[in-house]
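Here is the structure we will look at, set down as structure tokens.
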Amino acid sequence: MATDVEMRPYGATARAIHWATALLVLSAWVVGSTMEEFPRGGSRDLAMQVHYSLGVLVLGAVALRVAWRAVVLPPRVDRASWQ
């Protein structure tokens, strides 16, 4: 059953936090999955530090998103309650 549902989009701040978090997670995954390829020593240590730093940034972005969600409610979707 198709109906016209009007939905307000998420705000620019919520979208920016979302995509920044996605980019940080992807970057942390790429660095984490390739750091074993580096030879032992300074370059591997640097890759591990970058990976850890990206993880902390992901944690911060998630905390920011949770705080933003507590302050700014998500858009309301007009549809039947069973949906």
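The values are calculated or read from the model by the stated rules, or taken from the named source; none is laboratory data. Since this is a predicted model, take the numbers as computed values, not measurements. We place every Cβ from the backbone using ideal geometry, glycine too, and count neighbours over all the protein chains shown.
When only residues in segment 33-52 that are of a type in the set (A, V, I, L, M, F, W, C) and in a helix (DSSP H, G or I) count, which is nearest to Tyr10 (Cα to Cα)?
Val50
Kindly evaluate Arg15 against the criterion of being loosely packed, with under 12 Cβ neighbours inside 10 Å, of a type in the set (D, E, K, R), modelled with pLDDT of 90 or more and under 30 Å from Val77 (Cα atoms).
yes
Tell me which residues, restricted to segment 47-83, are basic (Lys, Arg) and loosely packed, with under 10 Cβ neighbours inside 10 Å.
Arg76 - this is the single residue of segment 47-83 that is basic (Lys, Arg) and loosely packed, with under 10 Cβ neighbours inside 10 Å.
Of the residues that make up segment 37-45, is at least one on the phi > 0 side of the Ramachandran plot, at pLDDT below 95, loosely packed, with under 15 Cβ neighbours inside 10 Å and not hydrophobic (A, V, I, L, M, F, W, C)?
yes
Among the residues of segment 53-83, how many are closer than 20 Å to Arg15 by Cα, modelled with pLDDT under 90 and among the hydrophobic types (A, V, I, L, M, F, W, C)?
3
Could you count how many residues in segment 18-36 are more than 30 Å from Asp78 (Cα to Cα) and at pLDDT 90 or above?
12
How many of the residues in segment 40-79 are more than 24 Å from Val25 (Cα to Cα) and either more than 21 Å from the chain's Cα centre (by Cα) or touching a residue at least 40 places away in the same chain (Cβ under 8 Å) (or both)?
The total comes to 7.
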